[in-house]
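Heads up, the thing below is written out as structure tokens.
The values are calculated or read from the model by the stated rules, or taken from the named source; none is laboratory data. The structure presented is a predicted model; accordingly, all values stated were derived computationally and were not measured. Every residue, glycine as well, gets a Cβ built from its backbone with ideal geometry; the counts of neighbours run over all protein chains shown.
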């Protein structure tokens with residue numbers, strides 16, 4: 001899970017694995033306290049962490065990293081293209 005991120009004006013915080021209250025990527029999308037940029041940062045960081053786990057550098061038998069990566073990629077797609085693009 002991903003914990004709520006500190007709100008710092010002008011910065012897009014990225015969580016670490018110790019701060020994750022989100023059980024599913026869609027929860028990130030529904031969080032009204034995060035900007036679109038913060039949601040992207042959370043989801044992108046989560047993807048990186050899941051890819052590391054999928055390579056076996058970290059192993060947690062209670063979840064499937066490939067399924068999680070797919071769910072995160074679907075959540076990012078729901079955000080659409082970045083607003084600055």
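Structural remarks
- Answer residue from the stretch 35-55, given it is under 22 Å from residue 83 (Cα atoms) and touching a helix residue (DSSP H, G or I) at 6+ places or on another chain (Cβ under 7 Å) and is surrounded by the fewest Cβ atoms within 10 Å (Cβ to Cβ) among those: 36
- Of the helices (runs of 4 or more DSSP H) entirely within the stretch 15-85, those holding at least 2 residues that are at pLDDT 85 or above and more than 11 Å from the chain's Cα centre (by Cα) occupy 36-54, 65-79.
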